[in-house]
Amino acid sequence: MQLLRAKTRRLVIPMIGGLDIDTWDEIPNGGFVGKCWVNFNADWWWYDDESDYTPVISGGLVATTRQWWTESGGFDPGMHGWGGENTEQPIRTWLCGGDVMRAKSSIVAHMWRTEADPRTIARYKIRQKYDNVARTAAAWFDEFLPKFRSGDLPHVNVSQTLALKQRLGCKPFAYFLHRFRKIYLDSGMLPELVFRIRSRSTGLCLQRRNREYVLHNCQAGTWFHRGNMIPEQFPTPASLASLSPKREDKLVNCGGHQAKGGCDACPQGHGSEWCNADCTWVFAVCMSTDDAKQVERQKPKTCCSGIREWNSLDCWAGLGGNGPGTALCDITGHSTDQQHLDSKYAGEDQALQASRICRGLNPLHCVHPRVRVSPFACRFSAVGLELQQAPVDWKLPFKSLVKLWVLIHGFRKSAVGFAQEPV
């Protein structure tokens with residue numbers, strides 16, 4: 001209530017925990033989620049950072065004032081069932097003079113739907129098909145609307161929302177993107193380069209199939225780009241490439257054990273846990289502490305530390321027998337499974353990642369490296385890959401719109417109330 005008293009044009013969400021449906025108590029030590037981001041398909045997912053401001057919300061767990069609910073028009077009457085309102089209402093609030101915050105002191109236990117427990121299955125069905133998220137895009141995405149499903153927008157009548165935008169004097173969508181520039185720029189959602197990945201040996205490209213990738217005709221290949229923020233202590237490819245693993249006859253102290261052959265021989269299948277004392281673990285490589293001090297680090301919270309599918313929620317994550325798998329993107333870059341780094345380590349073209357070594361793409365075949373490490377600490381080879389650049393500059397519309405908005409209105413705190421706030 002304090003947050004709503006401080007500002008009437010505001011949405012407030014709680015922290016969301018898990019509900020034990022046997023006892024109807026909160027699951028202890030189950031962790032909490034709250035903040036969400038939205039992509040250009042109006043799909044959303046969770047993330048977390050130090051700020052209490054959030055771009056969008058997850059659903060109906062939200063509080064606001066009667067004044068703002070009435071003034072902002074309440075629910076979009078064209079939406080039905082669940083979904084869509086959790087992105088439309090927050091975007092509307094941000095663009096029309098309000099903000100969206102989380103209240104860390106408020107906790108709501110939620111029953112998560114799981115296939116393993118039929119008691120959690122939804123009991124309602126919407127007989128007529130509605131496209132709520134398309135309404136969000138049509139109403140608020142402005143010049144970015146062609147990015148929604150690559151231009152495949154169904155006919156939706158959002159005239160009532162467009163009239164509301166005019167009445168409230170709402171800002172363009174570029175304001176929202178700039179307000180959350182740490183997501184849309186620093187996590188790579190507006191990439192400078194979009195590409196396909198092609199095997200030089202076969203001429204085929206990676207194509208998404210279920211949770212993995214296969215080689216297929218490049219016309220049907222999946223588009224990728226770099227994504228996710230750079231975490232703390234993320235090395236630069238050049239400095240890592242300048243160091244080579246040193247095989248030495250003498251014993252080195254790895255921490256709880258010794259190894260002959262240098263620090264490269266320390267892990268023995270246990271990754272960073274067996275790389276201590278005389279040795280230091282640096283992004284999938286166990287090296288001497290002296291060498292580790294020479295590794296330059298990239299600026300954190302900038303782009304990019306992973307590989308992402310264009311216009312999707314999914315990123316490369318881990319490596320299986322058929323190459324990289326997928327997972328919902330951790331835009332903050334903290335998920336080790338999603339960290340990738342292009343490098344030439346020990347004179348070999350590689351994309352270092354937290355899993356195994358993959359060599360070649362005919363077929364995608366993964367093997368454990370000579371010195372086996374844990375699933376969270378290795379690298380795979382990118383030899384035989386080349387990039388196919390997309391013929392479109394995806395970032396140009398954003399640059400143009402933001403430049404126009406700055407020239408007309410500026411981003412002064414007194415004018416729009418966010419320039420100095422944590423984003």
Any idea which residue in segment 52-72 is surrounded by the fewest Cβ atoms within 10 Å (Cβ to Cβ), counting only those that are modelled with pLDDT under 95 and among the small types (Gly, Ala, Ser)? Gly60
Output the number of the condition that Ala138 fails; it satisfies all remaining conditions of (1) farther than 16 Å from Met15 by Cα; (2) surrounded by fewer than 20 Cβ atoms within 10 Å (Cβ to Cβ). (2)
Number of positions in segment 323-340 that are modelled with pLDDT under 85 and either in contact with a helix residue (DSSP H, G or I) (Cβ under 6 Å, 6 or more places away or on another chain) or outside the structural domain of Arg209 (by TED's automatic domain parsing) (or both): 0
Condition first: among the hydrophobic types (A, V, I, L, M, F, W, C), out of contact with any helix residue (DSSP H, G or I) (no Cβ under 7 Å at 6 or more places or on another chain) and crowded, with 19+ Cβ neighbours inside 10 Å. Now tell me which residues in segment 242-274 satisfy that. Cys263, Ala265, Trp274
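Looking at this structure, is Met79 closer than 19 Å to Ala134 by Cα, surrounded by 17 or more Cβ atoms within 10 Å (Cβ to Cβ) and not aromatic (Phe, Trp, Tyr)? Talk me through it step by step, then tell me what you get.
Values: closer than 19 Å to Ala134 by Cα: yes; surrounded by 17 or more Cβ atoms within 10 Å (Cβ to Cβ): yes; not aromatic (Phe, Trp, Tyr): yes.
Yes.
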Within segment 274-297, identify whether any single residue is closer than 23 Å to Glu192 by Cα and not aliphatic (A, V, I, L, M), and answer yes or no. yes
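Restrict the check to segment 214-226 and report whether at least one residue is of a type in the set (Val, Ile, Thr), closer than 30 Å to Thr289 by Cβ and modelled with pLDDT of 85 or more. First the steps, then the outcome.
Narrowing segment 214-226 to residues of a type in the set (Val, Ile, Thr): 214, 222.
Applying the additional criterion that residues be closer than 30 Å to Thr289 by Cβ yields none.
No, segment 214-226 contains no residue that is of a type in the set (Val, Ile, Thr), closer than 30 Å to Thr289 by Cβ and modelled with pLDDT of 85 or more.
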As an exercise: evaluate Gly255 against (1) modelled with pLDDT of 90 or more; (2) assigned to a strand (DSSP E or B); (3) not acidic (Asp, Glu) and give the number of the one condition it does not meet. (2)
Take the residues of segment 143-165 that are closer than 18 Å to Thr93 by Cβ and touching a residue at least 60 places away in the same chain (Cβ under 8 Å): which is surrounded by the fewest Cβ atoms within 10 Å (Cβ to Cβ)? Gln160
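Report whether or not Val12 is closer than 17 Å to Arg92 by Cα and in contact with a Ser or Thr (Cβ under 8 Å, 6 or more places away or on another chain).
Values: closer than 17 Å to Arg92 by Cα: yes; in contact with a Ser or Thr (Cβ under 8 Å, 6 or more places away or on another chain): yes.
For Val12, the condition - closer than 17 Å to Arg92 by Cα and in contact with a Ser or Thr (Cβ under 8 Å, 6 or more places away or on another chain) - is met.
Go through segment 214-224 and give me each residue that's surrounded by 15 or more Cβ atoms within 10 Å (Cβ to Cβ) and either more than 19 Å from the chain's Cα centre (by Cα) or more than 24 Å from Met189 (Cβ to Cβ) (or both). Can you show your working first?
At the first step, the residues of segment 214-224 found to be surrounded by 15 or more Cβ atoms within 10 Å (Cβ to Cβ) are 214-216, 218, 221-224.
Correct list: Val214, Leu215, His216, Cys218, Gly221.
So which of Ala109, Ala122 ends up being in a strand (DSSP E or B) and over 24 Å from Pro172 (Cα atoms)? Write out each step before concluding.
Working: Ala122 fails: in a strand (DSSP E or B).
The conditions single out Ala109.
The values are calculated or read from the model by the stated rules, or taken from the named source; none is laboratory data. Because the structure is a prediction, the values reported are computed rather than measured. Please note: Cβ atoms are built from the backbone with ideal geometry, for glycine as well, and neighbour counts cover all protein chains shown.
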